[in-house]
1. On the basis of being modelled with pLDDT of 60 or more, crowded, with 18+ Cβ neighbours inside 10 Å and either part of a loop (DSSP other than H, G, I, E, B) or charged (D, E, K, R) (or both), does Val39 make the cut?
2. Among the residues that make up region 79-98, is at least one of them modelled with pLDDT under 80, not in a helix (DSSP H, G or I) and not hydrophobic (A, V, I, L, M, F, W, C)?
3. I need the full set of residues from region 25-57 which are within 23 Å of Ala71 (Cβ to Cβ) and among the basic types (Lys, Arg), in order please.
4. Please tell me if Ile68 is within 14 Å of the chain's Cα centre (by Cα), in a loop (DSSP other than H, G, I, E, B) and either β-branched (Val, Ile, Thr) or at pLDDT 90 or above (or both).
Amino acid sequence: MITDSPTVRPTTLVVENPLLHWRKRHHVTQAALGKACGVSAGTISQIEHRHIEPTVRLVARLARHTGISVARLVSFAVGGAELAGAETAMGVAAKAEERTRTG
């Protein structure tokens, strides 16, 4: 059956993977980034694939080494626009931002 009405398709929000994007742009391996942040390549991989959420300390280290904002890292790690606990995520981001500033 042919109709003149447009087909409505569900959309999927794709949230850019900031760590993967940064690593590829700067030609940095998971192993090298992990070593710089004090974790394994496997941990970086798990974060990039959203299998684990990084700790506040690790978010601060990743932000420091990559220049990616804490808010962007936290947003990706906890699911981008699908944040159920936005206030909690922002609290984590604020703590990590403070750790980034204080070293």
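The values are calculated or read from the model by the stated rules, or taken from the named source; none is laboratory data. Remember, it's a predicted structure, so these values are computed and weren't measured experimentally. So basically every Cβ, Gly included, is an ideal-geometry build from the backbone, and we count neighbours across all protein chains shown.
1. Taking the combined requirement at face value, the residue satisfies it.
2. Residues of region 79-98 modelled with pLDDT under 80: 79-98.
Adding the requirement that they be not in a helix (DSSP H, G or I) leaves 79, 83-85.
Then keep just the ones that are not hydrophobic (A, V, I, L, M, F, W, C); that gives 79, 85.
Within region 79-98, one or more residues are modelled with pLDDT under 80, not in a helix (DSSP H, G or I) and not hydrophobic (A, V, I, L, M, F, W, C).
3. Arg25, Arg50, Arg57
4. Yes.
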